[in-house]
Amino acid sequence: MKSFSSFFEQLLKAHRSEEKRREALLHLSRDLLRLSKEAIFAYHRKEIKEGDHGVKEVEGKIRKVLRSTDRELALSEGTFHVAMEEMVEARFLAAMLMDRPWELPEELLPFTEEILGGLSDATGEYVRTALASATARGRASLPEIERMKMVTSAVVEGLMKFHLTGKLRSKQDEAKRNLRRLEEMAYELTLHAR
């Protein structure tokens, strides 16, 4: 009977250790998600340096996790994937706003679902940016909105190359709706320009 007791003690110790690692990763994932959201809001406020700082911090922490012994645990945790998707969204909002190259760190390229989800969600941020610009600047915002429309169209066209299902299909459909919103916004501003 003693061997059963020591076996379960050993198992309990291993379980507690794994739970601590998991809790630490969940805490980190929530922080990464918060930092990414803060970066998005910074970009909307035109605080580019602050947004860039947040994205770089998130990317660095994601890279660290992906290179660590917690990689497998991270890849099994939904909150970590959500944090990566939010970081991608922030990065592509900055790419559109600052006319930067569309690129990601090589370590993230295998995470196509998170990238496609983040790209889809970024189109919603383009609509928010366009709406704020149109509200503040009226017709003068038309060239900026046309650029956002062009970028969103490219995202939708790129997404169409994939056979997306489930959550990603819903996000693809939302990106299409965002394109339509930008088209309508540009149309309305063009009408008022005459």
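Things to note:
- Any hit, segment 154-171, residues being over 29 Å from Ala83 (Cβ atoms) and of a type in the set (Lys, Arg): no
- Close Cβ contacts (under 7 Å, 6 or more residues apart or on different chains) running from residues in segment 117-138 that are over 20 Å from Arg91 (Cβ atoms) to residues that are of a type in the set (D, E, K, R) and surrounded by fewer than 22 Cβ atoms within 10 Å (Cβ to Cβ) comprise Ser133/Glu144.
- Candidates Arg128, Arg139 - the one that is in contact with a His (Cβ under 9 Å, 6 or more places away or on another chain), among the basic types (Lys, Arg), at pLDDT 95 or above and open to solvent by 70 Å² or more (accessible area, probe 1.4 Å): Arg128
- Selection from segment 1-46 of residues that are of a type in the set (Asp, Glu) and surrounded by 15 or more Cβ atoms within 10 Å (Cβ to Cβ): Glu38
- Residue list for segment 52-74, restricted to those being open to solvent by 50 Å² or more (accessible area, probe 1.4 Å) and either more than 14 Å from Asp31 (Cα to Cα) or in contact with a Pro (Cβ under 9 Å, 6 or more places away or on another chain) (or both): His53, Arg63, Lys64, Arg67, Thr69, Arg71, Glu72
- Exclusive hit being at pLDDT below 95 and among the acidic types (Asp, Glu), set Glu89, Glu103: Glu103
- Of all residues in segment 155-192, those satisfying the criterion of being under 17 Å from the mean Cα position of the chain (by Cα) and open to solvent by less than 90 Å² (accessible area, probe 1.4 Å) are Val155, Val156, Gly158, Leu159, Leu168, Ser170, Lys171, Gln172, Asp173, Glu174, Ala175, Asn178.
- Selection status of Glu106, of a type in the set (D, E, K, R), within 30 Å of His27 (Cβ to Cβ) and free of Cβ contacts under 8 Å to residues at least 12 places away in the same chain: yes
The values are calculated or read from the model by the stated rules, or taken from the named source; none is laboratory data. Everything quoted here is computed from the prediction, not taken from an experiment. As a convention, Cβ positions derive from the backbone with ideal geometry for all residues, glycine included, and neighbour counts pool all protein chains shown. Ligands, DNA and RNA are stripped out before the accessible areas are found, and what is left, the full protein with its side chains, is counted by its heavy atoms. Shrake-Rupley method; radii C 1.70, N 1.55, O 1.52, S 1.80 Å.
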